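Visitor: Just passing along the structure, written as structure tokens.
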Amino acid sequence: MLCTLATLFCGAMAQNIVSGIVLDAETKEPLIGAVIAKPNGEKTVSDMNGEFKINAKQGDKLNVTYVGYENKEVNIANTQQNTVVALTKGVMLKEVNVVASIASARNKKAIGADVAHLDATKLLDKGQASNLSDLLDGRVSGMQMFQSNGKVGMPIRFNVRSGATLSMDRDPIVYIDGVRYNNSHTSDINTAQDAMSALNDLPMDDIASIDIIKGPAAAASYGAEAANGVIVITTKRQSTANAERGKLSASAKVSVGWSTKAREYTQFVNNTDINNFFVTGHNASAYASFTKNFAPGNQLFFSLNENHTGGIVPGNKDVRHALRAAYDLKQGAFALNLAVGYVNGNISIPQTAQGRNDAIWNLMRAQKPWGYVSERTWRAMKWKYDNDRLTASLRLAYVLPYDIKLETQMGMDLNHIEGLYSLPYGYLLGTNDEGAKTLSNRRNQNITWDWKASRQFELAPKWHLTATLLSQIVQRRETMNKTIASIFPADIDNIAAAAQRSVEETSFEQRTWGVYGEAFLNYDNRLFVNAGLRRDASNLIGRNVASIYYPSLSVAYNMGNAKVRTAYGESGRLPYPTDAFTYYQVKGMSAYGPLLVPGQKGNDNIRPERMREIEAGLDWTPARHQLGLTAYAQLTTDAIIYTPLLSSNGWIGNEPHNVGRVNGWGVELSWNWKAWQNASKTADLNIFVTANYQGNRVMDTGGVDIENLPNVLKEGQPAYAFYYKEVTGAKYDATGKYIGASESDEYHYLGKPFPDFNGAFGFELRLLSNLTLSTKFNWALGASVYNQSFYNTAGLGDNLKKREDLRAQLAAETIGTEAYRNVAEQLARTERSRANYVEKADFLRLSSISLGYNANALAQRLTKGAVKGAKLLFTAQNLLLFTNYSGIEPQVEANGGTRQTRGMGSLSRDVTNAPSAKTFTGTLQIEF
């Protein structure tokens, strides 16, 4: 008699033996250590090949469990030898595996810190995402992400937790399949605001899952650069369709769409020319993936991606071609995982953010546009990058006798970028109409090599200890050379023909060696204690610092559907590459040899900034709810302050010292709720909410204020607070005529770059089993933006509408009258004072809305089973924005993304940023 589909275990009835193999339902990889239990307590576990045997008879119920997977109960009706048992990954919060430590991935219920896990495949099934910020922003409490500029390919700004640092470098480090990814951005031929984002090289459709480690309490195992957190990306190892053994499965996805300016400019006298400047960008992408399962634990994956994205700024376009392959092999005690990815990109980034020669400044400064550079010249100039990137990782693992697990992983991230800027001959820029050209050549290289040994010990019944020792070597190297040429004969633009030429070269190398030890204690699968210690040494640290230690400790206790947790950890931020070194420069020759003058004064005792973090929280999963609540406190010490040097001592510039201290704190909330479900389970409504409160305060700056006005680092104020003289009213001459604004003698706190509260909410509605509607709203309260665009227009132009209207109104009033003074008081608030243009930037944004239709049944019927599934999806992004900010976009950042800047920079400055785009995308996804 044949076994039914519900009968998963079959064996010889005469022998009362049930045998089989336990596999991951998606990857088909054998699951080692799955527990197969009978109601009477008798149990067994799957072996190194995922296989098991257990005594059973017809009518018995067997329960199959594995950490991170849904439990499965099986009724024994008949028996058959070697039946495959497929377990699916758990969907409840406590049944999700996350990468919380560099040592290993673990079940979320075993982790004492709040580590967010996102299933990227499922999120993309619900809506389109063109970059990482579209995918992550609002889905993770305690982290804000957004593009720093509205053009295609721009850097992403990260605000993680309280931002308790004096450093400008605030980006988390990124790992892809265990390899350190170079996420610095490129601005070799243009400005930092117009930089090319390194995160463009991540095809969204190749991402399987993302784990977000938000602070040192969880990130200490990653060492000296993890104070900003860690983003751990795992790429796909199979196509959307599940491949059957010995067969090939495939999936394909095609998207087309367009983007337009999200909001019209209304703030100027001449809005027409500004609004008409922007264009409609057209977008198209194609993605295909293939999976071949040769046998359980032996699988090949391959994907192709083609992406064309047009921006709303004329000439702004990004073209990407990507290939990725992965091979997984598991045979007994041996495992091999190989992944290789290649991306070729070509991006054009027209200049819109560099003052006199950028487009938007020439449009908004004066009522008659293009005053500094002609539109003809601007459109003739080109800014392009050609980009090639190769990433690869190889993991080898073997289980020795006595269950000692050895593992090594080698990886590389190689990036070659060629930049080209050109001004053709005959186009006037400033005083030059004879052409200009800049060529840049950059090579970025990351090499990662890990060794790991671990073993589990059974200390007593229900008590287990896993000990891990890991060594990690990371080498980062960046070299760039640039040739700048101008004044060409006629239309010849060969560099050698230029009358003026100069060459620039820069190089940077960082070598870090970390050793990490970890002890993980498990009692009865309920109480989990994890203690770790990392020791780091780096060539970027002063010569008198041999090594630095970062400890961590976490505890998690599970009580049914609730978990209480707490964690402590330390991490840091490395000094700027040249902070430890003093050097002199050659300035000519003398009769006695080269003339040396002081160059930079370094501090060979400089240490990395150290951040200590403690957090505590609760994860609770009652019926239809998933709730997470976390409170944390951060203490940053050894923050680097750059103090000015006295020229009378022979030095210029500044010298770094570890004297800064910053406190940070916050509370984070995440909530998922299945608000409604019908009796047949064909329709439901799911709601999600994330919310975050955060704050920080500078406690020590060595007794001095560090200023980049209006940003300031000042004791008792938030980091990078806006601080300036307040406008107290209008000034008049002896006749009562208005002559400008009056400012206070003292400086005052005006706001800060980071919100007090921020988060997101949205819902997913499913109807008739196959129709879905999903939304996401993002919001923030308490942040401010320095609107430097309006500040400059107010003082250097005549196009700021509120100011020009008040000027005209004042001219119509009689000097000395009350009406005149009322208008003058308002006009004083538009004068070119920085205090007038530090503005509140609260907002509520409808970030995305998606409508999807699951056409699996229709596709199977029309193709007679050749097509396994089909889905249609339409997504609109950035549809609505409600804000009290008077500029075009409340989420801006003049300095772009990664800010590897020595000393203090500036945060939250709106300097002629391109506005955000509104996009519409239609997608068809097919599974074979």
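What follows is calculated from the coordinates using simple rules that are stated; it is not laboratory data. What you see is a predicted model; the values in this text were computed from it and never measured. Heads up, the Cβs are rebuilt from the backbone with ideal geometry, glycines too, and the neighbour counts pull from every protein chain shown.
Visitor: Quick one: Debye curve from the alpha-carbon atoms of the range 485-610 only, equal weights, vacuum; give me log10 I(q)/I(0) at q = 0.17 Å⁻¹ to two decimals.
Guide: Result of the Debye calculation: -0.99.
Visitor: Give me the number: length gained by fully extending Thr643 to Ile687, i.e. 0.36 nm times residue separation minus the C-alpha to C-alpha distance, one decimal in nm.
Guide: Values: separation 44, 0.36 × 44 = 15.84 nm, distance 5.04 nm.
Extra length available between Thr643 and Ile687 comes to 10.8 nm.
Visitor: With θ taken as phi - 60° and the coefficients 6.51, -1.76 and 1.60, list the Karplus ³J(HN,Hα) couplings across the range 629-637 in order, rounded to whole Hz; mark glycine and proline as x.
Guide: 9, 9, 10, 9, 9, 10, 10, 9, 10
Visitor: Ok, one more. Among (i) 112, 70, 62; (ii) 106, 71, 55; (iii) 107, 63, 60, find the value of Cα extents along the principal axes in Å that was calculated from the structure presented, and write down its label.
Guide: After the calculation, the listed value that fits is (i).
Visitor: Moving to a separate point now. For Phe722, what is the net charge nearby, where nearby means another residue's Cβ is under 9 Å from its Cβ and Lys, Arg count +1, Asp, Glu -1? Please report the intermediate quantities before stating the final value.
Guide: Details: positive: Lys752, Arg834; negative: none.
Within the 9 Å Cβ shell, the charges total +2.
Visitor: List, in order, the whole-Hz ³J(HN,Hα) value for each residue of the range 675-683 obtained from phi through the Karplus relation with A = 6.51, B = -1.76, C = 1.60 and θ = phi - 60°; use x for Gly and Pro.
Guide: These are the phi-based 3J(HN,Hα) values: 6, 7, 8, 7, 5, 8, 6, 9, 8 Hz.
Visitor: Moving to a separate point now. Suppose we flag trypsin sites (Lys or Arg not before Pro) only when DSSP calls them loop and at most 14 other Cβ atoms lie within 10 Å. Which is the longest uninterrupted stretch of the chain?
Guide: On the way: sites that count: Lys57, Arg245, Lys247, Lys462, Arg543, Arg624, Lys681, Lys737, Lys864.
Between the exposed loop sites, the longest stretch runs 248-461.
Visitor: Taking the Cβ-Cβ separation of Thr121 and Tyr592 as r and a Förster radius of 60 Å, what is the calculated FRET efficiency to the nearest 0.05? If you can, show how the numbers build up before the last one.
Guide: Values: r = 70 Å, r/R0 = 1.16.
Efficiency at R0 = 60 Å is approximately 0.30.
Visitor: Please identify which residues in the range 729-773 have an amide N closer than 12 Å to a label point set 7 Å out from the Cα of Leu709, following the Cα→Cβ vector.
Guide: 743-748
Visitor: Moving on. Can you pick out the pairs among Lys776/Lys840; Lys437/Lys714; Lys462/Lys776 whose Cα atoms lie more than 32 Å from each other?
Guide: On the way: Lys776/Lys840 23 Å; Lys437/Lys714 43 Å; Lys462/Lys776 44 Å.
Over 32 Å apart, Cα to Cα: Lys437/Lys714; Lys462/Lys776.
Visitor: While we're on this one: Within 10 Å of each residue's Cβ, count the other Cβ atoms and sort Tyr557, Tyr181, Tyr402 from fewest upward.
Guide: Working: Tyr557 16, Tyr181 23, Tyr402 6.
Starting with the residue having the fewest Cβ neighbours, the order is Tyr402, Tyr557, Tyr181.
Visitor: Once amide H atoms are built 1.01 Å from N in the peptide plane, which residues 5 or more positions from Glu51, or in another chain, come under 5 Å H to H?
Guide: Counting only residues 5 or more places away or on other chains, the set is Val22.
Visitor: What FRET efficiency would be calculated for the residue pair Thr814, Ser744, taking the C-beta separation as r and a Förster radius of 35 Å, to the nearest 0.05? Mind showing how you got there, number by number?
Guide: On the way: r = 29 Å, r/R0 = 0.83.
Efficiency, from the Cβ-Cβ distance: 0.75.
Visitor: Additional query: Kindly flag which residue pairs out of Lys151/Lys801; Lys109/Lys674; Lys38/Lys108; Lys317/Lys752 have an alpha-carbon separation exceeding 29 Å in this structure. Spell out each step's value before the answer.
Guide: Values: Lys151/Lys801 25 Å; Lys109/Lys674 21 Å; Lys38/Lys108 26 Å; Lys317/Lys752 34 Å.
Listed pairs above 29 Å: Lys317/Lys752.
Visitor: Running Debye on the range 106-255 with equal point scatterers at the Cα sites and no solvent, what base-10 log of I(q)/I(0) appears at q = 0.16 Å⁻¹?
Guide: -0.96
Visitor: A further question follows. Hey, with R₀ at 25 Å, roughly what FRET efficiency would Lys864 and Leu768 work out to, going by the Cβ-Cβ distance, to 0.05?
Guide: The pair Lys864/Leu768 has a calculated efficiency of 0.55.
Visitor: If you don't mind, there's one more thing I want to ask. In the structure shown, do any of Lys725/Lys918; Lys53/Lys405; Lys214/Lys236 have a Cα-Cα gap over 26 Å, and if so which?
Guide: On the way: Lys725/Lys918 38 Å; Lys53/Lys405 24 Å; Lys214/Lys236 23 Å.
As for pairs spanning more than 26 Å Cα to Cα, those are Lys725/Lys918.
Visitor: Also: Taking other Cβ within 10 Å of each residue's Cβ, how do Trp361, Trp676, Trp513 sort, fewest first?
Guide: Working: Trp361 25, Trp676 12, Trp513 17.
With the sparsest Cβ surroundings first, the list reads Trp676, Trp513, Trp361.
Visitor: Quick one: dipole size for the chain, taken about the Cα centre, charges +1 on Lys/Arg Cβ and -1 on Asp/Glu Cβ, in debye to the nearest 20. Intermediate results must be reported in sequence, preceding the final value.
Guide: Details: 96 positive and 87 negative charges, 370 e Å.
Roughly 1780 debye, rounded to the nearest 20.
Visitor: To the nearest 500 deg cm²/dmol, what mean residue ellipticity at 222 nm is calculated for the chain from DSSP H runs of n ≥ 4 alone, each contributing -39,500 (n - 2.57), summed and divided by the residues? If you can, show how the numbers build up before the last one.
Guide: On the way: 10 runs with 74 residues, N = 928.
Theoretical 222 nm ellipticity from helices: -2000 deg cm²/dmol.
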